[in-house]
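Below is one structure, written out as C-alpha cells; the observations come after it.
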Amino acid sequence: MTITLMADIIGYHSAIKEVRENWLEELLLFLGIDIEKKEELSDAEFVKYLFDNEVELVEFPSLGALRVSYEGDIVGEWAGPELTLKKDDKGGLYYEINIECWSVKEEDIST
C-alpha cells in the first residue's frame, strides 16, 4: 500500500511521524495489544510490555523505516518516505510524500 501526503516544506517531519504513529497503533490494536498502556507506562516500561507480548519493533532511523514482528513473524513494514518537491498554483513549495507500507491488517481486510 502506498500512502501519499502533502505537507509544507517546514513541517513535513511531523506529518510523517503522525501518520506513522497512527499506522503503528492500528497494527498493534489489530494484534490485540493494549495501546493505552503507552500513556500509562514510561517508554522503557512500554518497550518491556511489547517484548512480553512478543512484539518487536526494529527501527532504521537513517531510512525512516520500521519493521514490526509478532511472535517471530514479520507483520508490518514501513518504508522510508520519498519526497518530491512541488509548486502549488500560487508558487508556494510543498512536498508530495509517498510512503510504502504493508501489514497483516491490510491483508486481513482485503481477503
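Of all residues in segment 72-94, which are within 18 Å of the chain's Cα centre (by Cα) and either part of a loop (DSSP other than H, G, I, E, B) or in contact (Cβ under 8 Å) with a residue 60 or more places away in the chain (or both)?
Ala79, Gly80, Pro81, Leu83
Go through segment 5-48 and report how many residues are part of a helix (DSSP H, G or I) and farther than 18 Å from Thr84 by Cβ.
The number of residues fulfilling the criteria is 24.
Looking at segment 10-38, which of its residues are in contact with a Phe, Trp or Tyr (Cβ under 6 Å, 6 or more places away or on another chain) and either more than 19 Å from Ala79 (Cβ to Cβ) or exposed (fewer than 11 other Cβ atoms within 10 Å of the Cβ) (or both)?
Leu31, Lys37, Lys38
Which one of these does Ala65 not meet: (1) free of Cβ contacts under 8 Å to residues at least 40 places away in the same chain; (2) surrounded by fewer than 15 Cβ atoms within 10 Å (Cβ to Cβ); (3) in contact with a strand residue (DSSP E or B) (Cβ under 8 Å, 6 or more places away or on another chain)?
(2)
Which residue out of Glu59, Glu100 is in contact (Cβ under 8 Å) with a residue 12 or more places away in the chain and assigned to a strand (DSSP E or B)?
Step by step, each of Glu59, Glu100 is checked, and only Glu100 is in contact (Cβ under 8 Å) with a residue 12 or more places away in the chain and assigned to a strand (DSSP E or B).
When you scan segment 42-52, how many residues do you find that are within 14 Å of Leu24 (Cβ to Cβ) and either modelled with pLDDT of 95 or more or touching a Lys or Arg at 6+ places or on another chain (Cβ under 7 Å) (or both)?
Matching residues across segment 42-52 total 2.
Which residues, taken from segment 75-93, are surrounded by fewer than 12 Cβ atoms within 10 Å (Cβ to Cβ) and either closer than 30 Å to Val55 by Cβ or hydrophobic (A, V, I, L, M, F, W, C) (or both)?
Correct list: Leu85, Leu93.
The values are calculated or read from the model by the stated rules, or taken from the named source; none is laboratory data. Just so we're clear, the structure is a prediction, and the values are computed from it rather than from any experiment. All Cβ positions, even for glycine, are placed from backbone atoms using ideal geometry, and neighbour counts span all protein chains on display.
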